[in-house]
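Below: one structure, written as structure tokens.
The values are calculated or read from the model by the stated rules, or taken from the named source; none is laboratory data. Nothing here was measured: the structure is a model prediction, and the numbers come from that model. Here Cβ is always computed from backbone atoms with ideal geometry, including for glycine, and neighbour counts include all displayed protein chains.
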């Protein structure tokens with residue numbers, strides 16, 4: 001599903017959380033936020049902190065492919081960006 005708005009991100013998080021049979025409190029604990037934050041992101045709150053959104057997506061195993069549909073100037077597909085690896089690397093740097 002293409003994600004084009006905060007509401008799309010919220011719906012994706014909510015759907016995956018439910019498929020994994022997690023309640024909002026369990027997800028909140030996993031990503032280090034309060035339950036209210038999970039409620040707001042699932043409702044499409046447009047001002048959620050990006051690092052927390054990425055942490056939620058990572059905790060739910062939702063991959064992000066930022067290179068979809070892009071090509072290089074020579075017409076070949078560019079190398080894929082592994083956002084999950086970048087998030088994990090950033091976490092290690094802060095620990």
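Restricting attention to the stretch 24-45, the residues that are over 22 Å from residue 63 (Cβ atoms) and loosely packed, with under 12 Cβ neighbours inside 10 Å add up to 2.
Residue 21 falls short on exactly one of the conditions (1) in contact (Cβ under 8 Å) with a residue 12 or more places away in the chain; (2) over 13 Å from the mean Cα position of the chain (by Cα); (3) farther than 17 Å from residue 90 by Cβ; (4) surrounded by fewer than 17 Cβ atoms within 10 Å (Cβ to Cβ), and that condition is (1).
Restricting the search to helices (runs of 4 or more DSSP H) fully inside the chain and requiring at least 1 residues that are out of contact with any strand residue (DSSP E or B) (no Cβ under 7 Å at 6 or more places or on another chain) and modelled with pLDDT of 90 or more gives 6-19, 24-31, 35-42, 50-59.
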